[in-house]
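See structure below.
Just so it is clear, none of the values below were taken in a lab; they were calculated from the coordinates. Quick caveat, the model's predicted, so the values are computed rather than measured. Don't worry about glycine lacking a Cβ; one is built from the backbone with ideal geometry, like all the others, and counts go over all protein chains shown.
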Amino acid sequence: MDVIEKGVGRIFTDPDANNAREYFRHKSRALVSKLTTVKEAVSELIKDGDYISIGGFGANRIATSALHEILRQKKKNLGLAGHTATHDFQVLSAGKVFNRLDIAYIIGLEARGLSPNARAYMQSGEVEVSEWTNYTLSVRYKAAAAGVSFHPIRNMMGTDTFKFSGAVTVNCPFTGQKYALVPALYSDVALIHVHEADIYGNCRMRGIIMSDLDIVRSSKKVIVTCERLIPNDEIRREPTQTLIPYYCVDAVCEVPYGSYPGNMYQEYFSDEEHLREWLKVEKDPEAFQKFLDKNIYSCQDHFEYVERNGGIRKMQMLRQKEWLFRGARQ
Amino acid sequence: MADYNVMEMMICSAARELEDGACVGVGTGAPCAAAMLAQKTKSPNLTIIFEAGGVAPLVPEMPISVGDSRTTWKACMASTMPDVMETGCRGMLDYTFLGGAEIDMYGNLNSTRIGSDHQKPKVRFPGSGGANDFASFAWRMMVLTPQDSKRFVEKCTYITTPGWIKGGNSRAECGLAPGAGPYKIITNMAVMDFEPESKRMRIIALNHGYALKDVQENCGFELLKAEKIVENPPPTEQELAILREEVDPYRYVIGR
């Protein structure tokens, strides 16, 4: 297969499947407890300069507690997959913790509007970027999860999205049809929030799964935060519900309301009031710094953040909103 | 004639394009409202799909994210993004609605940047998201957008999402699936399609109160004109009642 065209975007991670196999060869398969705190997990598993991937969808089932901890620990020069990134991207931009970025969707918070601070960061020239799409980043994880170095796609061709990506085009050896090929994306660390996990890292999720199955299988290290721990007996009673196996996971942290202020399927809706406040306060740099101090830097952990924003009363209201129990409580 | 606003007119126009039995990939806002309206009027068997994995939900209220719980409310499946996109790539996605900061005469869209330095853009937008994917895979891509000459440009600063590329057969020559591409552009003033040979944007219908001149004056390139240009019928009492009472009672979209 001869390469016909090639995008100019830099490929920030090594797509070589042999190198990945060598890494995974030495990754532990032991069924041992991985219970830890978010603070420990972020401190031990994420190094400055690492490339990180985030599960969920922007402000839905995201590992907020780990994102805040990255800011508190002042991690720097990270690489990042801006895959369906909304509030997660807003948080990481607030700490300027990354300097290279694969872009599918950034800056925006969908129907809520654009983040002024994230936008300013992306217009500053401080971040090196390559362009992709939501699906093509999914496919890059899919290739990595399959243990190969590339995957064909049937989009991006003919656009500037291709031109500024690291993709190439080739003709199919079987049919002659032109396709683009995208390189596998093996992340250093994945951060993911799930509904339930046992102490070994077997995980259950409900609702949409996005690209999380491929992200956790292709990342070298995986930090799981969960709404609640469940016994391993329960996992073994109904193994069809396990979506992530223990041997992919390096750290398990129990963080109730861990996706807050994001949505968690069948648990709580997103806190739209708080997300509006984020967008508004970003327009005033001084007020934004105070806001970050209050909500992230001076918080000991996720509980403190939740308590400062309405605590259990707010969580009850968001649970009622999730289930559309209108009028149950204002 | 019923009293209605511009957004209501555009949503009703869009809803009428979605025939019963079809499958549409939608985002938040007006496209979602259009799909919900179609489902509650003439197309009860319209399959609504959200890019993050929501398949055939009975959307209870306007989602704020294409991945929030509203997109899987009473759904047939809560799936994955690759599954949804691959369903499109296999050829089972009929329609999608997209938008952008710029659109050219071939329906190419820019939602990435303004300015020439890619690493330090003058204005940065979110990027493709799922737009390039949906536009490449759906048989018919539609755009719901206000008509103005800053948006309808001779040449996009940057092509995020493919339209008919350079017209003619250029889209399929790039490797994109033949037979798929931009279908209708629905604005506050008019409805446009694409002339079958050149694939250039062409006016086919005018909304009540607008003339050809208004549309051309609010477009940065020369629009082709269909031989017969019809008046786009205004929303009916029934459409408006369902849109206001069932689809968007809190006026998140129609109140804009």
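A few remarks follow.
- Scanning region B:80-91 for residues that are more than 7 Å from every other protein chain (Cβ to nearest Cβ), touching a residue at least 12 places away in the same chain (Cβ under 8 Å) and not in a helix (DSSP H, G or I) turns up just one, B:Gly91.
- First in region B:218-230 and surrounded by 14 or more Cβ atoms within 10 Å (Cβ to Cβ), second anywhere and among the β-branched types (Val, Ile, Thr) and not in a strand (DSSP E or B), Cβ under 8 Å, 6 or more apart: B:Gly220/B:Val153; B:Phe221/B:Val153; B:Leu223/B:Val215
- So A:Leu185, is it buried (at least 24 other Cβ atoms within 10 Å of the Cβ) and touching a residue at least 12 places away in the same chain (Cβ under 8 Å): yes
- Residues that are away from chain B (no Cβ under 14 Å) and surrounded by fewer than 24 Cβ atoms within 10 Å (Cβ to Cβ) are absent from region A:201-218 altogether.
- Checking each residue in region A:68-83 for being surrounded by fewer than 21 Cβ atoms within 10 Å (Cβ to Cβ) and either within 14 Å of chain B (Cβ to nearest Cβ) or in contact (Cβ under 8 Å) with a residue 40 or more places away in the chain (or both) picks out A:Leu71, A:Arg72, A:Gly79.
- Of all residues in region B:48-79 being facing another protein chain (nearest Cβ under 7 Å) and in a strand (DSSP E or B), the one that is surrounded by the most Cβ atoms within 10 Å (Cβ to Cβ): B:Gly54
- Filter result (assigned to a loop (DSSP other than H, G, I, E, B) and over 17 Å from B:Met10 (Cβ atoms)) within region B:207-254: B:Ala211, B:Gly220, B:Phe221, B:Glu222, B:Leu223, B:Pro249, B:Tyr250
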